[in-house]
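Encoded as structure tokens, the structure appears first; notes follow it.
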Amino acid sequence: MDYQGQFRRHLNSLHQEGRYRVFADLKRRCGSYPNAKHFTDDGQSDVTVWCSNDYLGMSQHPKVLAAMHEAIDEVGAGSGGTRNISGTTHYIVELEAELADLHGKEAALLFTSAYIANDATLSTLTRLIPGLAVFSDQKNHASMIEGIRRGGGEKYIFRNNDLNQLEDLLKSVPLEQPKLIAIESVYSMDGHISPIAEVCDLAEKYNALTYLDEVHAVGLYGPRGGGIAEREGIMDRVDIINGTLAKGYGVMGGYIAASQECCDAIRSFAPGFIFTTSLAPAVVAGALASIRHLKTSDFERARHRERVRTAKRLMKEAHLPVMENPSHIVPVMVGDPVHCRAVTDTLLSEYGVYVQPINYPTVPRGTERMRFTPSPVHSDEQLTYLIEALTSLWQACPVANGQYVRLAAE
């Protein structure tokens, strides 16, 4: 058996389709984000990062950095084990209480990432609740899809934010059968926002639990950063909320917030929680400082909203194909994987602008795009330079979908 040949065959197919992923070797400059060093075989160069999920720049906030340094000085580096075996540090206990308070829930449970939180929770819920039917939005994150799949239960997929189809599917299942509706609040590739209240209405009508992934919303929306559900005043109507500490809060980790019984059940039965070493104290301390700051400070959120509005306005004025949406995500459509890679490569090599191409399977084929994430720390000068760079790439040769890109450096 030619094992290496099998690997090559699959990798070659990615190259042929133009969607082979290349990692950018970056080194951020502490205190001057979004600036970074980009390392290649030819050396290093200065770049501006325009696609980070560090939406508010909290990875650089003095309170976060100070808390992490203090934790290292006080307790050292690692946590020492799983949560069951010496790994429940006092920082984690404090953080889970802070997260429960953030979402108005009885309890919260910390995981190493939001991916693991989704996967472990959704797969375990199906095993804990016999006959559970899961109704999942078509554009839910891969971690939700994987958790539902691993649960092995009955599942139904409805079109993105399509309440009519969701209700039709709910009607097809006996009212007394246990159900769970799983959605995201902000869909990160299109920037669409879910009709959470209306989903909760259907959940109440058809006797279903609600599971809301707020990964791309926590820290950014709501008066204390509780997400879209907090902004809309409906956190109490959502049964289980999933969130991350790696995006709006700028550190690392994921969690769920729910009832005491739900969190205790997941804690007790989810292998992805039980058998994983807990997060390092310094990481947890940084996340704790970030959450506490954003609960009381709206400065970062206000500045973020202004930067996003300005970026979208300038792109529209430059006739760039920015995709309309009501959130902080700024997608610019290209529509072809090869062209998308060519544009992003040129932006990086010629202009020092780093944005990652978004290709299949992250988005459907034919909708390949760039996904910009303006943050409070992007300056007017950096934004103006970005628009000029993009405009220069939309002025040479037409491609099939009517957009204009220069495919290579001249």
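Label positions at Val338 and Arg292, each projected 7 Å from the Cα along the C-beta direction, are separated by 5.5 nm.
Global size of the stretch 255-386: 19.8, 55 Å for Rg and Dmax (C-alpha atoms, Rg to one decimal, Dmax whole).
Just to be sure I understand: with springs between alpha-carbon atoms less than 10 Å apart, which residue in Asp190, Asp162, Asp119 has the highest mean-square fluctuation in the Gaussian network model of the chain? Result for the chain, Cα springs under 10 Å: Asp162 fluctuates most.
Rolling a 1.4 angstrom probe over the protein heavy atoms with all chains in place gives the chain an accessible area of 44 Å² per residue.
Helix hunt in the chain: which complete DSSP H runs extend at least 15 Å axially by C-alpha with mean Kyte-Doolittle at least -1.0? Sorted by number, the helices that extend far enough and score high enough are 62-75, 90-103, 114-128, 281-296, 337-351, 380-393. In summary, the stretch 161-242 shows an alpha-carbon radius of gyration equal to 1.09 times the 2.2 N^0.38 Å reference for compact globular proteins. Largest first, the extents of the alpha carbon coordinates of the stretch 75-146 on the three principal axes equal 44, 26, 26 Å. Taken along the Cα-to-beta-carbon direction at a fixed 7 Å, the label points for Met1 and Tyr20 span 2.5 nm. Projecting the Cα atoms of Ile85, Ala100, Ala120 onto the charge dipole of the stretch 78-157 (Cβ charges, centred on the Cα centre) puts Ala120 farthest toward the positive pole. With 26 Å as the limit on Cα-Cα distance, the pairs of Lys247/Lys312; Lys247/Lys295; Lys205/Lys247; Lys205/Lys295; Lys139/Lys171 that go past it are Lys205/Lys247; Lys205/Lys295. Can you spot the aspartates and glutamates whose alpha carbon is less than 19 Å from Lys105's alpha carbon? Ignore those fewer than 8 places along the same chain. Candidates past the 8-residue exclusion: Glu94, Glu96, Glu184, Glu204, Asp213, Glu214, Glu230, Glu232, Asp236, Asp239, Glu261, Asp264.
Measuring only protein heavy atoms, the 1.4 Å probe finds Tyr91 accessible over about 40 Å². Centre-to-centre, using Cα atoms only, the stretch 129-163 and the stretch 245-297 are separated by 23 Å.
The modelled label-to-label distance for the pair Glu306/Arg150, using points 7 Å beyond Cα in the direction of Cβ, is 4.4 nm. Cross-link partners of Lys316 among aspartates and glutamates, defined as those whose alpha carbon lies under 15 angstrom from its own and excluding same-chain residues fewer than eight positions apart: Glu324, Glu388.
Near Leu99: Cβ cut-off under 13 Å, other residues only, Lys/Arg at +1 and Asp/Glu at -1. The net charge is -3. Any chance you could check the Cα centroid distance between the stretch 33-80 and the stretch 104-123 for me, in angstrom? Computed from Cα coordinates, the inter-centre distance equals 24 Å. Mean-square fluctuations from a GNM of the chain, with a 10 angstrom spring cutoff on Cα atoms, peak among Asp54, Asp298, Asp41 at Asp41. Each of Ala208, Asn242, Cys262 was scored by the projection of its Cα onto the charge dipole of the stretch 184-262, and the greatest displacement toward the positive side belongs to Asn242; charges sit on the C-beta of Lys, Arg, Asp and Glu.
Annotation: lysines with alpha-carbon distance below 16 angstrom to Lys27 (same-chain offsets under eight excluded): Lys37. Both the radius of gyration and Dmax for the stretch 52-109 are 13.7, 35 Å, in that order, over alpha-carbon atoms. Pairwise Cα separations in the stretch 17-126 fall into 10 Å bins from 0 onward with the following percentages, short to long: 10, 26, 33, 24, 7, 0.
Taken over the stretch 198-273, the convex hull of the Cα atoms encloses 97 Å³ per residue.
Using only side-chain charges placed at the Cβ, +1 for Lys and Arg and -1 for Asp and Glu, the dipole size of the chain relative to its Cα centre rounds to 460 debye.
Database remark: amide H of Lys179 closer than 5 angstrom to the amide H of Ala133, Leu209 (H placed geometrically; neighbours at sequence offset of 5 or more, or on other chains; Pro and chain starts carry no H).
When a 1.4 Å probe is rolled over the protein heavy atoms, the share of accessible surface on the chain that falls to carbon and sulfur comes to 54 percent. Short-range pairs are left out: with C-alpha atoms under 8 Å and at least six residues apart, the relative contact order of the chain is 21 percent.
The radius of gyration of the Cα set in the stretch 265-309, together with its Dmax, comes out at 16.5, 44 angstrom. Per the Debye calculation on the chain with a single equal scatterer at every Cα and no solvent contribution, log₁₀ I(q)/I(0) for q = 0.13 Å⁻¹ amounts to -1.21. Can you give the Kirkwood hydrodynamic radius of the stretch 98-234 from its Cα pairs, in Å with one decimal? With all distinct Cα pairs of the stretch 98-234 included, I get 15.2 Å. For the stretch 140-221, averaging the sequence separation of C-alpha pairs within contact (under 8 Å, six or more residues apart) and dividing by the residue count gives a relative contact order of 30 percent. In the complete set of protein chains, residue-level accessible area for Met323 is approximately 40 Å², probe 1.4 angstrom.
The values are calculated or read from the model by the stated rules, or taken from the named source; none is laboratory data. Treat the numbers as computed from the prediction; the structure is a model and nothing was measured. No Cβ is skipped: glycine too gets one built from the backbone with ideal geometry, and neighbour counts run over all protein chains shown. SASA here: full protein model, heavy atoms, side chains in, ligands and nucleic acids out. Shrake-Rupley method; radii C 1.70, N 1.55, O 1.52, S 1.80 Å.
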